[in-house]
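Structure first, then comments.
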Amino acid sequence: MEARTHIRVEDLSVWYGGHPALKDVTLSIPDKKITAIIGPSGCGKTTLLKSFNRLIDLQEGVRMEGRILVDDEDITAPGADLTRLRKKMGLLFQRPQVLPMSIFENVAYGLRIHGENDRLRLGEKVEHYLRMAGLWAEVRDRLAAPAAKLSIGQQQRLCLARGLAVEPEVILGDEPTSALDPHSAERIEQRFLELKRDYTIVLVTHILRQARRLADYAAFVYMGELVEHGPAAELFAHPKDPRTEAYISGRFIESTGEDPD
Amino acid sequence: MTQARFIEEKIFRGLMLAAAGMVAGSLGLILATVFVKGFRALSFDMLFKTPQGGYYIGGGGGIANAIAGSLVLGLGATLLALLVSLPLVFYLNVYLRRRSRLAFFIRFSLDVLWGIPSIVYGAFGFTVMVTLGLKASLLAGTLTVGLLIIPIMARSMDEVFKMVPPELHEAAYALGSTRWEAAMKVILRQAFPGLAAAVLIAFGRGIGDAASVLFTASFTDALPTSLFRPVATLPLAIFFQLGTPFPEVQERGYAAALVLTLIVLAVSVLARALTRRVTRHSR
């Protein structure tokens with residue numbers, strides 16, 4: 001289980017306008033594995049995930065302390081190249097957020113902004129990544145159609161293709177299946193299992209069953225605190241912290257309306 | 001109890017219907033009035049000839065001077081306002097933090113400017129002209145109307161930008177876009193129909209305003225040929241013609257009002273058609 005560390009979080013604390021969202025989180029995300037970040041809603045999971053690509057910078061009044069090292073490079077240092085960092089990290093949102101363009105252009109967008117302008121190669125790459133996301137067969141005849149016309153499950157796979165197209169090393173998923181029907185969710189999960197051969201995957205989820213199915217490594221975040229982390233099998237079978245134990249056995253009041261398994 | 005709730009529901013439904021009816025009704029009534037009173041005076045001469053001698057006491061000719069003048073001035077002012085509004089709203093919504101003090105101040109200023117009556121813009125424009133030694137001209141009128149419609153355009157655009165979901169910004173950034181790329185290639189596209197509507201609202205307001213051009217653009221019977229000459233506009237043409245005691249001239253005033261209304265109508269229909277083509281990719 002000892003894998004190379006891809007992302008290393010050191011004493012990370014985050015505040016939103018003085019309100020603490022994450023407290024002293026230290027965590028290593030292993031390379032080419034699926035790491036699941038679990039915990040009840042509003043506990044800081046998404047904040048942790050979005051600090052990996054510094055997307056939390058967009059939030060109002062955000063303050064960060066501590067360090068995050070990606071490939072041993074401090075991405076929290078002033079002057080860190082954010083566009084390069086974000087190119088390294090594909091992000092899937094809770095609800096797929098397609099760009100207001102055609103299916104083709106959604107995938108081509110990232111390629112274009114990172115310098116690919118050759119029409120022939122664009123076409124090849126768009127097909128390649130749509131295939132990788134398992135969407136090609138469904139959209140090959142209507143690449144020029146607006147992406148917004150796709151079903152929500154297809155949109156999420158389009159977002160996956162779009163993210164893969166910028167050739168990231170890490171795939172971040174912020175509850176990427178929570179808006180999808182079970183069948184679409186399963187297809188996304190299958191993609192993740194295939195993609196972990198080549199990518200480091202970090203998945204925020206509050207569906208414990210999903211975390212069990214997919215994760216090699218798991219981290220439990222509760223009220224801004226990293227309570228426990230370790231190999232997923234171990235964390236689920238023998239949680240060390242009573243809070244973890246309570247959460248994975250479905251005894252947290254905060255987790256109402258979710259799927260505590 | 002249920003009876004009371006039922007009546008409550010009925011009253012509110014009635015109120016809403018009345019309000020809706022009032023809006024549709026006044027539009028219909030205005031169009032009908034202008035049409036009925038002005039249609040008969042509408043003619044080839046009216047549209048394509050400039051006023052001949054004695055036009056305002058019933059002489060021949062038309063209002064081509066005002067139609068051309070209004071179009072040129074309205075388009076110029078809209079373009080000018082667009083050049084200021086678009087960068088401004090991008091700055092407000094993409095670069096500035098939403099709750100920044102500067103953003104608050106800019107929005108506040110725009111709201112105040114929006115509320116200032118157009119005659120004040122006219123007076124302001126006139127004062128500036130006098131200080132600079134300029135005469136009433138197409139240029140001065142365009143600048144003044146431009147100023148008048150900047151807050152309208154900018155604030156409407158601002159509202160449109162606020163409706164763009166924050167996740168779309170995030171999605172663009174997550175792909176490694178720079179702010180410029182996110183703004184120009186993603187946000188602009190998403191916001192386009194709303195932005196076009198904002199431009200239209202501003203154009204409609206600009207082309208129809210009389211008070212701001214009264215001193216600054218003045219009036220002339222000639223077609224617009226130079227930025228530095230006075231220019232005729234439709235609102236003033238309507239005003240002057242309706243102000244005469246001659247029924248046939250007043251009728252032409254209504255015809256001019258009809259033309260102005262049709263221009264605004266045509267532009268909005270055209271723009272709707274255009275935005276539909278550009279935005280078939282957003283929902």
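The values are calculated or read from the model by the stated rules, or taken from the named source; none is laboratory data. Remember, it's a predicted structure, so these values are computed and weren't measured experimentally. When we count neighbours, we look across all protein chains shown, and the Cβ atoms used for this are built from the backbone with ideal geometry, even at glycine.
Helices (runs of 4 or more DSSP H) fully within the range A:134-250 that include at least 2 residues being more than 20 Å from the chain's Cα centre (by Cα): A:136-139, A:232-237, A:242-248. Flag set for A:Leu55, criterion: touching a helix residue (DSSP H, G or I) at 6+ places or on another chain (Cβ under 6 Å), under 21 Å from A:His114 (Cα atoms) and either within 14 Å of chain B (Cβ to nearest Cβ) or buried (at least 18 other Cβ atoms within 10 Å of the Cβ) (or both). With respect to (1) over 25 Å from B:Arg179 (Cβ atoms); (2) more than 14 Å from chain B (Cβ to nearest Cβ); (3) not basic (Lys, Arg), the lone exception for A:Ala145 is condition (2).
Pairing residues of the range B:242-269 that are outside the structural domain of B:Val36 (by TED's automatic domain parsing) with residues that are assigned to a helix (DSSP H, G or I) and of a type in the set (Phe, Trp, Tyr), at Cβ distances under 7 Å and at least 6 apart in sequence or on separate chains, gives B:Thr244/B:Tyr56; B:Val249/B:Tyr56; B:Leu258/B:Phe35; B:Leu258/B:Phe39; B:Val267/B:Phe203.
Would you call B:Ala123 surrounded by 13 or more Cβ atoms within 10 Å (Cβ to Cβ), free of Cβ contacts under 8 Å to residues at least 12 places away in the same chain and either within 16 Å of the chain's Cα centre (by Cα) or part of a helix (DSSP H, G or I) (or both)? In short, no.
Would you say A:Lys32 is buried (at least 21 other Cβ atoms within 10 Å of the Cβ) and among the basic types (Lys, Arg)? Spelling it out, it is not the case that A:Lys32 is buried (at least 21 other Cβ atoms within 10 Å of the Cβ) and among the basic types (Lys, Arg).
The listed residues are B:Ala198, B:Ala232, and the only one of them that is touching a Gly at 6+ places or on another chain (Cβ under 7 Å) and either part of a helix (DSSP H, G or I) or more than 20 Å from B:Val130 (Cβ to Cβ) (or both) turns out to be B:Ala232. From the list B:Phe192, B:Phe228, B:Phe239, the lone residue that is surrounded by fewer than 19 Cβ atoms within 10 Å (Cβ to Cβ), of a type in the set (Phe, Trp, Tyr), away from chain A (no Cβ under 14 Å) and farther than 19 Å from B:Ser118 by Cβ is B:Phe228.
Here is a yes/no grid of residues against (1) modelled with pLDDT of 95 or more; (2) among the small types (Gly, Ala, Ser); (3) farther than 22 Å from A:Pro231 by Cα:
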| position | (1), (2), (3) |
| --- | --- |
| A:Arg63 | no, no, yes |
| A:Val70 | no, no, no |
| A:Gly79 | no, yes, yes |
| A:Leu85 | no, no, yes |
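Among residues of the range A:1-24 that are assigned to a loop (DSSP other than H, G, I, E, B), those with a Cβ under 8 angstrom from a residue that is loosely packed, with under 15 Cβ neighbours inside 10 Å, sequence gap 6+ or separate chain, pair up as A:Gly17/A:Glu60; A:Gly17/A:Gly61; A:Gly18/A:Gly61. For the range B:8-18, the count of residues that are in a helix (DSSP H, G or I) and within 20 Å of B:Pro247 (Cα to Cα) is zero. Outside any loop (DSSP other than H, G, I, E, B), buried (at least 18 other Cβ atoms within 10 Å of the Cβ) and at the interface with chain B (Cβ under 9 Å from one of its Cβ atoms), is that true of A:Tyr129? Against the criterion (outside any loop (DSSP other than H, G, I, E, B), buried (at least 18 other Cβ atoms within 10 Å of the Cβ) and at the interface with chain B (Cβ under 9 Å from one of its Cβ atoms)), A:Tyr129 does not qualify. Within this structure, A:Asp174 fails the test of being among the acidic types (Asp, Glu) and away from chain B (no Cβ under 14 Å). Among residues of the range B:20-43 that are in contact (Cβ under 8 Å) with a residue 60 or more places away in the chain, those with a Cβ under 7 angstrom from a residue that is among the acidic types (Asp, Glu), sequence gap 6+ or separate chain, pair up as B:Lys37/B:Glu251; B:Gly38/B:Glu251; B:Arg40/B:Glu251; B:Ala41/B:Glu251. Scanning the range A:73-88 for residues that are more than 7 Å from chain B (Cβ to nearest Cβ) and touching a residue at least 12 places away in the same chain (Cβ under 8 Å) returns A:Ile75, A:Thr76, A:Ala80, A:Leu82, A:Leu85, A:Lys88. Whether a residue is charged (D, E, K, R), surrounded by 19 or more Cβ atoms within 10 Å (Cβ to Cβ), in the same structural domain as B:Met129 (by TED's automatic domain parsing) and farther than 26 Å from B:Gly146 by Cβ was assessed, and B:Arg179 does not pass this test.
Yes/no per residue for (1) at pLDDT 90 or above; (2) outside the structural domain of B:Leu143 (by TED's automatic domain parsing); (3) closer than 30 Å to B:Trp180 by Cα:
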position	(1), (2), (3)
B:Leu15	yes, yes, no
B:Gly53	no, no, no
B:Ala66	yes, no, no
B:Ser70	yes, no, no
B:Leu86	yes, no, yes
B:Phe90	yes, no, yes
B:Arg97	no, no, yes
